[in-house]
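Have a look at the structure below before the remarks.
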Amino acid sequence: MTEQTQAVVSIELEGAIGLVRIDNPPVNALGAAVRQGLAQALETLERDPQVQVVALYGTGRAFSAGADIREFGKPPVDPKLPDVCNRIEACAKPVVAVVHGPTFGGGLEVALAAHARVGLAGARVGLPEVTLGLLPGAGGTQRLPRLIPLEAAIEIISSGRQVPAEEAQSLGILDRLSQAEPRQAALDAARAVLDGSLPTRRTGDIAVAIDPATIASAAARLQKKRPALAAPIKAVEAISYAGHPIGEGLKAERALFLELMDGPDRQGLIHAFNAERAVKRIPEAGAAPRPVASAGVIGGGTMGVGIATALLQAGIKTTLVETSAEGAERARAKVIGNLDGAVKRGKLAAEQRDRLVAAFDTTTELEKLAAVDLVVEAVFEDMAVKTGLFGQLDRICKAGAILATNTSYLDVNQIAAATSRQQNVIGLHFFSPAHVMRLLEVVVAEKTAPEIVATAFELAARMKKVAVRSGVCDGFIGNRILAHYRKAADYMLLDGASYEEIDRALEDFGFAMGPFAVADLAGLDIGWATRKRKAPTRPAEERYVAIADRICEAGWFGRKSGRGYYLYDDAGGRVPNPDVLAIVEAERAANGIQARTFTPEEIVARYMTAMISESARVVEDGIALHPIDVDAVFLFGYGFPRHLGGPLNHADRIGARQLVERIEAYAREDSHYWQTPGLLRQLAESGGSFNDLNTANSDGR
Ligand code: 3H9
């Protein structure tokens with residue numbers, strides 16, 4: 001054994017029991033050294049005449065998170081995980097696996113290959129490979145259906161969901177549960193195997209009949225889902241081989257696994273997985289966060305209500321301030337309604353709901369916030385209103401309280417300057433509905449203290465949100481980029497594409513909704529207000545599309561007013577609003593534009609190029625720390641198709657050179673809008689990628 005394999009996998013003999021310990025922090029991923037260590041340990045213990053039973057267990061917070069995803073896309077190193085699992089199953093001596101904490105993917109596959117399985121309290125098992133664009137490739141699709149009913153195996157594998165230990169036992173994935181710690185449980189399990197009270201068998205020897213109709217209906221169901229990702233369907237295809245002898249089934253599984261490994265979704269989905277974690281790498285990570293036990297939320301509109309709900313669910317005592325008693329009562333009812341909704345969806349226990357309601361209070365007096373640790377302001381988007389409020393908070397709140405604004409675009413430096421404690425002021429930009437959407441932009445102003453930033457990130461983790469650090473600019477990361485690329489859609493509309501064609505092209509590309517359907521949902525008056533606000537600073541050279549203004553002038557604000565770009569039926573179906581089509585025609589005529597056609601490819605190319613351009617500028621300006629931070633904003637706050645990994649991950653697939661060529665071609669029509677960002681040009685010239693900039697300041701992702 002090499003030094004490394006000794007460190008990550010070790011053997012301990014206890015009488016007739018051979019204990020095998022996996023110790024590869026932080027999550028016991030099954031990298032090459034662990035695979036080598038496991039194979040070697042089995043060889044050694046099988047040969048040792050003293051050993052009658054082998055028990056596998058892990059240290060740390062997880063039995064194993066599965067294959068080491070950092071190895072994907074690199075040349076494979078032997079032994080491969082399927083071979084290690086087969087080696088375990090073929091072992092001449094009984095092997096029992098004791099799993100604790102997350103036991104996912106290859107981690108569960110190792111356990112499925114063992115001859116019996118024990119789960120510790122709190123263990124969660126699952127095969128999340130499809131969420132990474134893959135399928136279980138080390139026997140999971142062949143062994144799970146041999147242990148549990150076919151429908152359950154299909155559901156678990158095609159959803160990738162986590163199964164709690166108790167459910168795993170009742171299904172038959174785990175043979176028994178234990179309350180002991182891993183090493184002790186491994187010893188207990190091995191003794192139970194020796195005394196015959198824990199029966200063992202080789203999973204691969206179990207014969208099952210696979211019903212083709214069940215497979216066909218599962219495949220059809222998954223095919224219907226949008227976006228039709230390849231992995232879940234291929235996983236079901238792999239399961240269809242589970243009725244064959246195990247060797248044949250494993251061969252089929254391997255072939256399908258390798259197909260997905262080389263397919264386009266895997267890279268994007270793993271990038272998205274990494275993005276959620278990479279955003280935590282901030283310069284303030286070393287600062288000590290302040291404790292937050294109580295909070296005040298100012299404003300009982302949709303945002304304030306959502307924020308209060310999110311804070312309560314994170315275990316923070318919350319007081320919501322409204323201007324009138326009726327407003328406070330309405331907000332209270334809505335927050336409680338959100339909590340009740342969480343109970344109904346099984347996300348919150350009923351007793352827990354009662355505790356949260358007891359921790360919630362509403363008031364009309366700002367003074368009630370004198371003792372809270374954090375205030376989040378979610379009032380009307382108006383600088384004078386916000387600065388006035390922050391001046392008051394400065395007088396009322398205790399020293400050390402964090403004063404946060406939920407503004408979507410206003411200058412946080414100016415808001416902070418209304419107080420005598422600028423170091424304690426920060427932007428916490430939630431996305432609506434705030435108790436559901438995962439993104440939180442943490443807007444760091446010039447004077448914000450590092451510990452306040454660290455506190456915001458810790459708070460986000462408590463709220464199970466993805467926090468992304470942003471500098472101060474109009475719109476921060478997300479809305480600044482949105483404001484730019486949204487114009488590309490309007491330009492295409494004015495130049496001849498119908499808004500239905502634009503929406504459909506982008507929906508086929510992977511967005512849940514195209515930009516015009518989104519505008520109808522968000523309310524057309526919101527964009528209208530922003531355009532009016534920005535009108536005085538709009539450069540004279542900028543092309544302006546007045547279609548949306550005309551629609552608002554007619555009093556149509558989208559879904560909330562019953563009509564917008566589309567007319568909607570009760571079932572959510574949409575048809576273009578003929579009155580809007582007339583407005584579009586009139587605007588084209590007024591601008592002397594001869595409508596031309598756009599292919600879906602051209603629509604996607606222009607829209608994505610615009611999005612990538614502004615994303616590049618946001619990185620270049622230092623508003624986002626890394627390209628992957630922009631990706632995270634769009635993945636977790638703007639419905640960007642997860643399998644594409646975010647706008648700048650997508651940019652790397654297109655290539656900087658090609659993007660520059662596109663921009664230069666478009667600039668021949670409109671050289672004000674289409675300008676090549678310096679950073680993009682630099683990458684095109686050096687042959688570099690945005691991902692190189694992610695790795696420059698991080699650990700190799
Ligand atoms: C597979 O198994 C394929 C096989 O079927 C077939 C093979 C042939 N590899 O999430 P955390 C890192 S596919 C490498 O912050 P938590 C993670 O990036 C795999 N690294 O902690 C982070 O790094 P950093 C199927 C991994 O406690 C650190 O560990 N398995 C892996 O909140 C801590 O992670 C999955 O899809 C990995 N597999 O959550 C499970 N997993 O500190 C993926 C994590 O540098 N993992 N890291 O930012 C998870 O779901 C969560 O990480 C887990 C822990 C629940 C385990």
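The values are calculated or read from the model by the stated rules, or taken from the named source; none is laboratory data. Here the structure is a predicted model, which is why all the values come from computation and not from measurement. We place every Cβ from the backbone using ideal geometry, glycine too, and count neighbours over all the protein chains shown. Side chains included, ligands, DNA and RNA excluded: accessible areas come from the protein's heavy atoms. Shrake-Rupley method; radii C 1.70, N 1.55, O 1.52, S 1.80 Å.
Structural remarks
- Rg/Rh, computed from the Cα trace of the stretch 615-701 with Rh as the Kirkwood radius, has the value 0.97.
- Cβ-defined net charge surrounding L45, 15 Å radius [Lys, Arg +1; Asp, Glu -1]: -2
- For G688, the shell of other residues with beta-carbons less than 15 Å away shows a net charge of -1, using +1 for Lys and Arg and -1 for Asp and Glu.
- Every helix of 4 or more DSSP H residues in the chain counts as -39500 (n - 2.57), and over all residues that averages to -15000 deg cm²/dmol at 222 nm.
- Residues of the chain: accessible area per residue with a 1.4 Å probe, Å²: 41 Å²
- Cα long-axis angle, helix 302-313 against the chain (0 to 90 degrees, to the nearest 10): 30 degrees
- Cα convex hull, the stretch 478-696: 126 Å³ per residue, rounded to a whole number.
- Total formal charge among the other residues, if their Cβ is under 11 angstrom from that of G268, Lys/Arg +1 and Asp/Glu -1: 0
- Separation of alpha-carbon centers, the stretch 137-171 and the stretch 392-454, rounded to whole Å: 45 Å
- Karplus-derived HN-Hα couplings along the stretch 583-594 (A = 6.51, B = -1.76, C = 1.60, θ = phi - 60°), whole Hz, x at Gly and Pro: 4, 4, 4, 5, 5, 4, 4, 4, 9, x, 9, 8
- For Y566, nonlocal amide neighbours, meaning residues 5 or more places apart or on other chains whose placed amide H falls under 5 Å from its own, are N577.
- Ordering H115, A295, Q675 by the projection of their Cα atoms onto the charge dipole of the chain, which places +1 on the Cβ of Lys and Arg and -1 on the Cβ of Asp and Glu, puts A295 at the extreme positive end.
- Point-to-point label distance, L194-S671, nm (Cα→Cβ direction, 7 Å offset): 8.5 nm
- For the chain, carbon and sulfur atoms together expose 53% of the accessible surface, with a 1.4 angstrom probe and every protein chain in place.
- Alpha-carbon geometry of the chain: the Rg and the Dmax are 28.3, 92 Å, given in that order.
- Beta bridges per DSSP with both ends in the stretch 349-459, % antiparallel, nearest 5: 35 percent
- Considering only the chain, percent of DSSP beta bridges that pair antiparallel, nearest 5: 30 percent
- Nonlocal amide H pairs with S470, under 5 Å, H built at 1.01 Å: V442, V443, V444
- Placed amide H near L177: partners under 5 Å, 5+ positions off or other chain: G119
- Along the stretch 276-292 the Karplus relation, 6.51 cos²θ - 1.76 cosθ + 1.60 evaluated at θ = phi - 60°, assigns HN-Hα couplings of 4, 8, 5, 5, 6, 7, 10, x, 8, 4, x, 6, 7, x, 7, x, 10 Hz to successive residues, with x for each Gly and Pro.
- In order along the stretch 476-483, the phi-based Karplus estimate (6.51 cos²θ - 1.76 cosθ + 1.60, θ = phi - 60°) of 3J(HN,Hα) comes to 6, 6, x, 5, 5, 5, 4, 4 Hz; Gly and Pro are listed as x.
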